[in-house]
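The structure appears right after this line, and notes come after that.
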Amino acid sequence: MISAFDRIVIAVPDLAAGMEDYQCLLGANFWLLPGERPPVRAWLGLANVVLELCEKEIESPAIVGLVFTGDGHPGTPVNVTNARQLALSICDGNETAMFRREQPAAQNPGLKVDHLVLRTGDADDCVNLFSVGLGIRFALDRDAPQWGGRMLFFRVGKLTLEVIEPTDDKPEKDYFWGIAYQCPDISTTAATLRQRGVELSEVRDGRKPGTKVATIKSHSLALPTLLIEPAIRV
């Protein structure tokens with residue numbers, strides 16, 4: 001049974017440049033995993049997930065995989081074979097738990113990933129993969145032509161995987177499209193980011209009632225990136 005997202009894996013053509021940009025955006029220092037042979041990896045911890053950067057021979061940065069935490073699984077991630085050809089794996093989470101304890105400079109517990117966006121050519125097959133196969137809670141299934149097509153929401157560990165099957169121009173191969181970060185006070189966070197030199201849009205109302213959002217326009221590894229303040233619960 002999947003209990004959480006353990007890591008989000010992002011491939012970059014230049015690890016040093018990628019680390020520099022994301023450290024400015026996320027407000028913590030990456031930790032280079034010791035004793036690594038190429039491709040070298042670096043970790044940065046947020047409140048609900050660890051971000052992993054790895055250097056690969058690619059043209060531009062891309063979210064290339066997910067590692068989940070699952071009960072009864074070994075420490076070394078085990079690949080999840082799937083028809084969507086996504087790079088998914090499951091581990092016991094102990095390695096990232098130790099990283100959180102021993103590398104405090106590489107953590108920003110005040111920021112979390114709100115959701116990831118996956119674009120797919122077959123929403124029903126994604127239901128079979130994430131809900132039936134992996135046991136992740138299937139929170140919502142919505143036809144939203146105004147936002148491009150059918151939308152599925154899978155949620156575990158206070159992080160949502162948002163899956164979109166476009167009405168038109170369905171992708172031949174599924175891919176992770178973008179990422180949204182959540183903060184408790186978007187006005188304060190936006191001001192802090194601007195002081196660091198990060199470019200972002202003006203704060204505006206989000207799609208979900210009560211939320212506030214801003215689009216990150218720099219230091220985002222060229223990934224579509226959103227900053228979100230959640231609605232106040234009453």
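The values are calculated or read from the model by the stated rules, or taken from the named source; none is laboratory data. The model shown is predicted, which means the values in this text are computed figures rather than measured ones. No Cβ is skipped: glycine too gets one built from the backbone with ideal geometry, and neighbour counts run over all protein chains shown.
Numbers for the structure displayed
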{"read-out": "Residues (part of a loop (DSSP other than H, G, I, E, B) and more than 25 Å from Gly121 (Cα to Cα)) located in the stretch 69-85", "value": "Asp71, Gly72, His73, Pro74, Gly75, Thr76, Pro77"}
{"read-out": "Pairs, first touching a residue at least 24 places away in the same chain (Cβ under 8 Å) in the stretch 36-65, second among the aromatic types (Phe, Trp, Tyr), C-beta under 6 Å, six or more apart", "value": "Ala42/Phe30; Trp43/Trp31; Trp43/Phe99; Leu44/Phe30; Val49/Phe5; Val50/Trp43; Glu52/Trp43; Ile63/Phe176"}
{"read-out": "Some residue of the stretch 209-218 being surrounded by fewer than 14 Cβ atoms within 10 Å (Cβ to Cβ), on the phi < 0 side of the Ramachandran plot, in a loop (DSSP other than H, G, I, E, B) and of a type outside the set (S, T, N, Q)", "value": "yes"}
{"read-out": "Out of Gly75, Gly93, sole residue that is touching a His at 6+ places or on another chain (Cβ under 9 Å) and not assigned by TED's automatic domain parsing to the domain that holds Thr225", "value": "Gly93"}
{"read-out": "Test: residue in the stretch 76-91 that is surrounded by fewer than 17 Cβ atoms within 10 Å (Cβ to Cβ), at positive phi and at pLDDT 95 or above", "value": "yes"}
{"read-out": "Condition check for Arg100: in contact with a helix residue (DSSP H, G or I) (Cβ under 9 Å, 6 or more places away or on another chain) and under 30 Å from Pro166 (Cα atoms)", "value": "no"}
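Per-residue answers, yes or no, for (1) over 19 Å from Ile228 (Cα atoms); (2) among the basic types (Lys, Arg):
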position	(1), (2)
Val132	yes, no
Ile136	yes, no
Arg142	yes, yes
Arg155	no, yes
Ile179	no, no
Lys208	no, yes
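Here is a yes/no grid of residues against (1) within 30 Å of Thr120 (Cα to Cα); (2) within 15 Å of the chain's Cα centre (by Cα); (3) of a type in the set (Lys, Arg); (4) not assigned by TED's automatic domain parsing to the domain that holds Leu26:
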{"site": "Thr160", "(1), (2), (3), (4)": "yes, yes, no, yes"}
{"site": "Val163", "(1), (2), (3), (4)": "yes, yes, no, yes"}
{"site": "Ser187", "(1), (2), (3), (4)": "no, no, no, yes"}
{"site": "Ala191", "(1), (2), (3), (4)": "no, no, no, yes"}
{"site": "Leu200", "(1), (2), (3), (4)": "yes, no, no, yes"}
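Rundown of residues vs (1) of a type in the set (S, T, N, Q); (2) closer than 27 Å to Val50 by Cβ; (3) surrounded by fewer than 20 Cβ atoms within 10 Å (Cβ to Cβ); (4) in contact with a strand residue (DSSP E or B) (Cβ under 7 Å, 6 or more places away or on another chain), yes/no style:
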position: Gly135; (1), (2), (3), (4): no, yes, yes, yes
position: Ala139; (1), (2), (3), (4): no, yes, yes, yes
position: Arg142; (1), (2), (3), (4): no, no, yes, yes
position: Leu152; (1), (2), (3), (4): no, yes, no, yes
position: Arg155; (1), (2), (3), (4): no, yes, yes, yes
position: Ile164; (1), (2), (3), (4): no, yes, no, yes
position: Lys173; (1), (2), (3), (4): no, yes, yes, no
position: Thr189; (1), (2), (3), (4): yes, yes, no, yes
